[in-house]
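Step one of this worksheet: look at the structure below.
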Amino acid sequence: MIVQDIMQRTVVTVSPGAPLDEVATVLQRRGVRHVPVLDGQALAGIISDRDLKGSMASTAVGGTDTRSDRLTAGDIMTRKVITIGPMFPVEEAARIMASRRISALPVTEADRLVGLVTETDIVLLFVRAMGVLEPSTRLDVVLPDERRALSRIVQILEEHGAPVSSIVTLKATEGWTEAVIRVATINPGAAVHALEAERFSVRDNWRG
């Protein structure tokens, strides 16, 4: 899956000269937390609700020349904007957002804004990918070192009425690896017992 598959294509924007009350209205009425700033067709910056609140709070006690109603989007926006292209893998967008500690990533193509990816979009994709929206059960199975262990686990689950919806393998901090498996059943008991009979270790979160 690539960025253009999950990005928001209809993006509300403001100009650098927009007063702060206009920016606030846009954020509130549209129910968004970030608004890109466009200077013509070019992406000039981005403003978050935190930027707006911080600017209004800092100027509330200022003099006449520093009142918030004299400030514009261009005065408070973040100018060095980190962006991504629409054809990049979704995991690259997630990596950038996590490593840079940002919660919104403008999507640009040929220097033109074509979309926006937020942390909410990433979380929704994770929920879909893990099959949480369908009746299912999560199984955490500790993987031994054998290369064929994962294929055998899938085979056992399928044979015992627990078809696999999704699989993610993760390295635990303790050093061992586990498969986080979502199976399309709410009663995986027979499949779990079959796994344990072949000495696979199934963490017991499924019983809860």
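The values are calculated or read from the model by the stated rules, or taken from the named source; none is laboratory data. Model, not experiment: these values are computed from the prediction. Every residue, glycine as well, gets a Cβ built from its backbone with ideal geometry; the counts of neighbours run over all protein chains shown.
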task = Return the only residue of 131, 189, 175, 161 being loosely packed, with under 12 Cβ neighbours inside 10 Å, of a type outside the set (Ser, Thr, Tyr) and over 30 Å from residue 38 (Cβ atoms).
result = 175
ask   = Within the set of pairs 6 or more residues apart or between chains, which connect a residue that is closer than 17 Å to residue 200 by Cα inside the stretch 147-175 to a residue that is in a loop (DSSP other than H, G, I, E, B) with Cβ atoms less than 7 Å apart?
value = 153/200; 156/198; 162/185; 162/188
remark   = Those residues of the stretch 29-57 which are assigned to a helix (DSSP H, G or I) and more than 17 Å from residue 120 (Cα to Cα) amount to 29, 51, 52, 53, 54, 55, 56, 57
inquiry  = Considering only residues that are touching a residue at least 60 places away in the same chain (Cβ under 8 Å) and over 14 Å from residue 90 (Cβ atoms), which ones fall in the stretch 1-27?
reply    = 9, 11, 13, 16
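Identify the residue in the stretch 5-27 that is among the polar types (S, T, N, Q) and within 20 Å of the chain's Cα centre (by Cα) and, among all such residues, is surrounded by the most Cβ atoms within 10 Å (Cβ to Cβ).
8
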key: Which numbered condition residue 117 fails, given (1) buried (at least 17 other Cβ atoms within 10 Å of the Cβ); (2) outside the structural domain of residue 8 (by TED's automatic domain parsing)   = (2)
task = Please enumerate the residues belonging to the stretch 28-56 that are in contact (Cβ under 8 Å) with a residue 24 or more places away in the chain and surrounded by fewer than 17 Cβ atoms within 10 Å (Cβ to Cβ).
result = 33, 39, 41, 42
